[in-house]
1. When you count, for each residue, the other Cβ atoms within 10 Å and take the mean per peptide, how do 50-61, 11-22, 69-80 rank with the highest first?
2. What aspartates and glutamates does LYS14 reach when the alpha-carbon gap must be under 17 Å and sequence neighbours fewer than 8 apart in one chain are set aside?
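The numbers here are math on the coordinates, done by the rules we state, and not lab data. Note that the structure is a prediction, hence the values are computed from the model and not measured. Because the Cβ atoms are built from the backbone with ideal geometry, glycine has one as well, and the counts that use them run over all protein chains shown.
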Amino acid sequence: MNKIIFLNDERVRKILCQENNDPLVDLLHDFPKLRFDLTRHCVQKQSKSISYGRMTIAKMLYEAESFLPSNIRFLIKECHRPLSIQKQFWER
């Protein structure tokens, strides 16, 4: 049985994040088949750019969804969060 590891776990906190310069794209525009919860229900609503995400991740989501059963799809709650907002969440 796998143990759940939370984001505040020391092992996760030690992982360095490095900018890869992958462009941000508007998934609503560039990947219209992906679904978004534009109501932002259960999301902290801090980011104004919920449909913007990295091109590589967008392609991965699009491909991964093709492997799901036809009656199941992803519902994206939020994509891009500016670094300033991420720092606020971590500091809390």
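1. Numbers: 50-61: 17.1, 11-22: 7.2, 69-80: 12.3.
By packing density, highest mean first, the sequence is 50-61, 69-80, 11-22.
2. Correct list for LYS14: GLU91.
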